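Remarks on the structure that follows.
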Amino acid sequence: MAERPPRILVVDDIDDNVFTLQRRLKQFTKAEIAAAQNGRLALEALRAAPFDLVLLDVQMPEMDGTAVLAEMKADMALRDVPVIMVSALDDLETVLRCIKLGAEDYVQKPFNAELLRARVEAALERKRLRDQEAKFLAQLQAEKARVNDLLHSVLPKSVVSELKASGRLAPRRHDEVAVVFCDIVGFTEYCDGNAPEAVLERLEALVAAFEAVVDRHGLEKIKTIGDAFMATAGLLRYVENPVLAAAECGLAMAEAAKAHGAGWQVRVGIHMGPIVAGILGKRSFVFDLWGDTVNVAARVAAEAEPGTVVVTGALWPFLGASCQGRSLGQVDLKGKGPTEIVCLVGRKAPVA
């Protein structure tokens, strides 16, 4: 798209001076030229439309050039518009004061054609370069915002903060982290029987609902793995009782899935223990968790009935005062052996 021609505002109360300046300017520039007969009208014109340069007479009735310049520099919308002061030969002291106020340059009456051309062209070029720089900075800010949005969509907030501060995330071992593992029942069959666009749209909606639930309960979303969703309690944000927070979150996720238009049900498994967390990869990176706790949470979820939340029996002491549960007995978990599984029925009614 072609750039618009520059716009110049000539401000002078004497018509002959305005005519002379306009005629000279048209000889060497394709700029659009407007005129104002006094300072007040000049400010009105500047606030009504963008200008790239102002040729401003110093001595004018009602509001002189110095006052106009001071008002422009105080106005955040006008302060970057370059101003060339127009003065008589015996008014250099005022011109010096205007330069200190922020005027770009000055020309004297009577006008020297070559000097006028050189100063106008230089001022317009500086303005063009400043505009290009501002546009480039705006593009950088937009790109930075886009990258930030992308980072926050794939990494927890505190991880993003550490990456920005130090450029890396040191891997750490964390004790007593509750891991929530949730997967959709029958998702593969659903994919086979529905259009890809519909599957993706409904899955995105459910994941967004899960993200809202996770945030509301003080947990951190870690990642999605196909149709599975993993979150943690007590990893990056302090919660008083990570197991209870994870349990309440799991129950809310099951309700969110039930209310979802696709009619899906989920299985949710929860376990707590030590984990190692860090960023994996250099180009396509992901914040991930490793350790037996993660594996157990996934395997426990596989033992749940559709629409239910289950925890390992070892976690019940953290839940018994607040939740109702039903033991599913001992289940032989791969790599763990016999492990008691408890299905959460819901929160206990508050005591009157």
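Of note:
- Test: residue in segment 216-227 that is among the charged types (D, E, K, R) and without any contact (Cβ under 8 Å) to a residue 40 or more places away in the chain: yes
- So residue 322, is it among the small types (Gly, Ala, Ser) and touching an Asp or Glu at 6+ places or on another chain (Cβ under 7 Å): no
- Tally of residues being surrounded by fewer than 23 Cβ atoms within 10 Å (Cβ to Cβ) and closer than 30 Å to residue 191 by Cα across segment 221-242: 8
- Scanning segment 32-87 for residues that are among the acidic types (Asp, Glu), in contact (Cβ under 8 Å) with a residue 24 or more places away in the chain and not in a loop (DSSP other than H, G, I, E, B) gives 32, 57, 71.
- Test: residue in segment 96-103 that is at pLDDT 85 or above and within 19 Å of residue 21 (Cα to Cα): yes
- The residues on offer are 311, 239, 268, and the sole one that is under 18 Å from residue 211 (Cβ atoms), part of a strand (DSSP E or B) and among the hydrophobic types (A, V, I, L, M, F, W, C) is 268.
- With respect to the conditions (1) assigned to a loop (DSSP other than H, G, I, E, B); (2) more than 15 Å from residue 78 (Cβ to Cβ), residue 17 falls short on a single one, namely (1).
- Residue check, residue 52 buried (at least 19 other Cβ atoms within 10 Å of the Cβ) and charged (D, E, K, R): yes
- Test: residue in segment 77-87 that is more than 18 Å from residue 128 (Cα to Cα), surrounded by fewer than 17 Cβ atoms within 10 Å (Cβ to Cβ) and out of contact with any Gly (no Cβ under 6 Å at 6 or more places or on another chain): no
- Inter-residue pairs, beta-carbon under 6 Å, first in contact (Cβ under 8 Å) with a residue 12 or more places away in the chain and in segment 186-210, second assigned to a helix (DSSP H, G or I), 6+ apart: 209/256; 210/253
The values are calculated or read from the model by the stated rules, or taken from the named source; none is laboratory data. Predicted model, so just to flag it, every value in this text is computed and none were measured. Cβ coordinates were reconstructed from backbone atoms using ideal geometry, including for glycine residues, and neighbour counts include every protein chain displayed.
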